[in-house]
Amino acid sequence: MSWRRLWIPLSVLPLLGLLAYGFRTDPRAVPSPLVGRPAPPFTLTLFDDGALRLDDLRGKVVVLNFWASWCYPACYEEAPVLEEGWRTYQDRGAVIVGIDIQDTEEGARRFIEQFGLTFPNGPDPRGKISIDYGVYGVPETFFIDRQGRIRAKHVGAVTAPLLRERLEALLEEPA
Amino acid sequence: MIPEIGFAAITVALALACYGTGAGALGAARHRPALVASAQHAAVGIFVLLAVAMLLLVYAFLTFDFSVRYVASNTNRGTPFYYRITALWGALEGSLVLWTWMLAGYTLLVVAFYRWRQREAYPWVLAVLLGIMAFFLLVMTVPASPFQRLDPIPVDGRGLNPLLEDTGMITHPIFLYLGFTGFTVPFAFAMAGLIRGRLDEAWITVTRRWTVLAWYFLSMGLLIGGWWSYHVLGWGGYWAWDPVENAAFMPWLTATAFLHSVMIQERRRMLKVWNLLLIILTFSLTLFGTFLTRSGIIASVHSFTQGTIGAFFLAFIALVLLFSLSLLAWRADRLRGQGELDSLISRESVFHLNNFFHVGVTFTVLLGTVFPLLSEAVRGVKVSVGEPFFNAVSIPIFLALIFLMGVGPMIAWRRASWAGLKRNFLWPVAIGAAGALVFFLLGVRHALALLTLGLVLFVAATMVHDFWRGTRARMRAGRGPVGAMADLALRQNRRYGGFVVHQGVLLVALGITGSQVFSVRTETSLRRGESIEVGRYQVRFEGLEAEEKSNHFLVTGVFTVANDRHVMGRMSPGKKFYPQEQQPIAHVAYRSGWREDFYLVLGDFSRDGQLATVLAMVNPLVSWIWLGGVVITLGTALLVLPGRRRDA
């Protein structure tokens, strides 16, 4: 083969490069307009009775996780991670709150039992909270700082490194 | 246990494919028939093993084996029986099984047909096909195993994507995949030719029927996809230039170009490199489509599938492109075309234009599809490219292609004479112009619509004119009119099969024009007992009904519909509420007719059933699109008939 004809196969490299670059981006990570804004307040009726008001958690770092019991596999992957995170960080001033949306109560209770979840969890029966937070699918997770501002939004399953990194960063900030 | 057997079947098939690729290639290079025969056995084994894997997966679906992740993700206990079977191809992993099984099936046909007939090329063809299967089997083993276990085992599954619970979704993927995989065979023959350095027209004549059939399946896949979108998605349209649609449309465009340009090579031995490029492009685009929609690099609706599958596909696309294009560059010396263009007014030149336009649209669509990525890479800005861009660029080109469709089959090879042009085109041009004028006088003022109507009439007239002249010649030889027509169509089945397919395309073009240009829509809220008028229809809202289905809750609005002449009866558009979906799914109600469809979608409603929003649409000529599909089917059947006489 004459080397001058090498351009024929090489001509596809730019396109391949562009597609490879595509792996580094996430088309779903559309920046949420809520990031940097105060978190919309809500009162959550918990599954094990009682209620939780977001305003009462001011001064703490809050991880708000929207989930559903039918959400395979992402919610199943992140549930143990969230529970582990709750056990590790609750003494340092972090709260993990689960909000169950578009679900049956029976399925949700079974899910909580299956993973032995101990952090506060409650349903969002009218979808009011998920609408306020612009939730598009499950799971979605919001990170709220000590001042009650949304600092980050994550779409898809939360991984242990991600949770640790975000929590450490937010916990270091002064109240 | 069952999933483990399935996984084992796939793993063994992978081993066989790897072995068969090596054995086939070695057997071909060293001329060892025994090795080739052994590769052949591997191909048979792969087919059987994949069939077993597929049946096991179906079994897992039917028995609600939620320990299998793929089953848990795509069914739940409420999923109706048939959809538990079709859930097999409801998502990526199972689709790959079906895809690869089809590829194995095609490979068996290649074994059956060409083992003796194409002795020289056959071993290489077999090796290439097995190599491609090896890739898909690798994907099924490592990043996207359909038999992957789920732990802990859920009590109930997530359920099939409700949009897929539809007859369109039973057939659409089958046709699409038959089309996609079908192009692998001509690609393999092209590669075999390049490897051997025997670059005559053999690979094109051998694979002509394959190409036509693959093209047909892909066309039907696209049309059925449009029909599904039309009657399931509830927005009244059938095509949205979504990346997923574009992904299937691009290989169709290059395949259409290929179908036409091979005729030039057969007749005039021109465009050799070009044809090889087109088949390489078509095959790569079928892979690219899967890559695009499954890798998650371009936004597509609700898929949380991230993983390494995209990287596998990209690596394979890179391999295919670099390998095949390097081969092409290596063999370029032997690929000098023999004919050259004699005149600009000739069939060759029309076919060149045809190819230029098809490939032009392909690159436009490709650009529009990957532009969001390009923009983010270069400027760091997220953008989306939508319908206006695609329509603005492609509509003029499609109109030009329709025009060429009328000219190409009639104009003379090499050099057209003025007398010949007049003989072939005088009447059709007059009919097209007169038709446009009649529609203008009837009140059609939309320039684009008039242009399309005129062009369609022109093209149809060229075909009728040509067929009539052929028939008349045979009638002079003493045949009756029906006998003469049948004789003509069967003896020149390639030519007239092509004509019939073209007529089908014209019908599709008319349907698209009618529904895009003249569609009327109204969206309004109605109190119970209130009526609205849309076009010549009156719609009255009678109330709401609700029903609990096996896996969803269905709310329907009851409407009585009348047109200006008579009462048409009740129509009940609804909304389906699936527990696992954020958004309710539309249940469209529509009445189809030759002239137009009347289409109702239920919007929001009050819980007491006193108030409902309804979207009412009158979509003219939509059913002509589907009719076009039927005509294309008939034409393809005629095209692939074994010809009685070997001519074009």
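Assorted remarks:
- Scope region B:498-528; condition surrounded by 22 or more Cβ atoms within 10 Å (Cβ to Cβ) and among the hydroxyl-bearing types (Ser, Thr, Tyr); matching residues: B:513, B:515
Each row is one residue, and each column tells you yes or no for (1) touching a strand residue (DSSP E or B) at 6+ places or on another chain (Cβ under 6 Å); (2) surrounded by 24 or more Cβ atoms within 10 Å (Cβ to Cβ); (3) more than 14 Å from chain A (Cβ to nearest Cβ); (4) basic (Lys, Arg).
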site	(1), (2), (3), (4)
B:50	no, yes, yes, no
B:55	no, no, yes, no
B:84	no, no, yes, yes
B:107	no, yes, yes, no
B:120	no, no, yes, no
B:136	no, yes, yes, no
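- Candidate set: region B:591-622, residues that are surrounded by fewer than 20 Cβ atoms within 10 Å (Cβ to Cβ) and in contact with a helix residue (DSSP H, G or I) (Cβ under 8 Å, 6 or more places away or on another chain); chosen: the one farthest from the other protein chains (Cβ to nearest Cβ): B:594
- Restricting region A:122-149 to residues that are under 13 Å from residue A:65 (Cβ atoms) and part of a helix (DSSP H, G or I), the residue that is nearest to the other protein chains (Cβ to nearest Cβ): A:130
- Counted as qualifying within region B:458-560 are no strands (runs of 3 or more DSSP E), as none has 2 or more residues that are over 25 Å from residue B:212 (Cβ atoms), in the same structural domain as residue B:631 (by TED's automatic domain parsing) and among the hydrophobic types (A, V, I, L, M, F, W, C).
- Failed item in (1) of a type outside the set (Val, Ile, Thr); (2) within 14 Å of chain B (Cβ to nearest Cβ); (3) assigned to a loop (DSSP other than H, G, I, E, B), with residue A:119 passing the rest: (2)
- Number of the exception - residue A:93 against (1) on the phi > 0 side of the Ramachandran plot; (2) more than 13 Å from the chain's Cα centre (by Cα); (3) within 14 Å of chain B (Cβ to nearest Cβ): (3)
- Restricting region B:263-292 to residues that are among the β-branched types (Val, Ile, Thr) and surrounded by 22 or more Cβ atoms within 10 Å (Cβ to Cβ) leaves a set whose member that is farthest from the chain's Cα centre (by Cα) is B:264.
- Any chance residue B:576 is at negative phi, touching a helix residue (DSSP H, G or I) at 6+ places or on another chain (Cβ under 9 Å) and among the basic types (Lys, Arg): yes
- Test result for residue B:297, assigned by TED's automatic domain parsing to the domain that holds residue B:372 and either more than 18 Å from residue B:370 (Cβ to Cβ) or at pLDDT 95 or above (or both): no
- Comparison of B:278, B:321, B:292 shows that the only residue that is at pLDDT 85 or above, assigned to a helix (DSSP H, G or I) and within 11 Å of chain A (Cβ to nearest Cβ) is B:321.
- Filter result for residue B:627 (surrounded by fewer than 20 Cβ atoms within 10 Å (Cβ to Cβ), within 26 Å of the chain's Cα centre (by Cα) and more than 30 Å from residue B:266 (Cβ to Cβ)): yes
- Of A:126, A:87, A:58, all but one fail to be in contact (Cβ under 8 Å) with a residue 40 or more places away in the chain and among the charged types (D, E, K, R); the exception is A:58.
- In the set B:198, B:208, only one residue is in a loop (DSSP other than H, G, I, E, B) and under 25 Å from residue B:494 (Cβ atoms); that residue is B:198.
- Condition met for residue B:179 (surrounded by 24 or more Cβ atoms within 10 Å (Cβ to Cβ) and either small (Gly, Ala, Ser) or outside the structural domain of residue B:85 (by TED's automatic domain parsing) (or both)): yes
- Meets criteria (in a helix (DSSP H, G or I), of a type in the set (Ser, Thr, Tyr) and within 21 Å of residue A:4 (Cα to Cα)) for residue B:349: no
- Top-ranked residue in region B:144-153 [being outside any strand (DSSP E or B) and within 13 Å of another protein chain (Cβ to nearest Cβ); ranked as farthest from residue B:5 (Cα to Cα)]: B:152
- Region A:96-118, residues that are of a type in the set (A, V, I, L, M, F, W, C) and under 15 Å from the mean Cα position of the chain (by Cα): A:96, A:97, A:99, A:101
- A single entry from B:443, B:420 fulfils the requirement of being over 31 Å from the mean Cα position of the chain (by Cα), modelled with pLDDT under 90 and under 24 Å from residue B:502 (Cβ atoms): B:420.
- Filter result (touching a Phe, Trp or Tyr at 6+ places or on another chain (Cβ under 9 Å) and more than 8 Å from chain B (Cβ to nearest Cβ)) within region A:102-114: A:105, A:108, A:109, A:111, A:112
- Qualifying positions in region B:549-569 - at pLDDT below 90 and either surrounded by 13 or more Cβ atoms within 10 Å (Cβ to Cβ) or closer than 22 Å to residue B:583 by Cβ (or both): B:549, B:550, B:551, B:552, B:563, B:568
The values are calculated or read from the model by the stated rules, or taken from the named source; none is laboratory data. All values reported here derive from a predicted model rather than from experimental measurement. Every residue, glycine among them, receives a Cβ derived from its backbone with ideal geometry; neighbour counts consider all protein chains shown.
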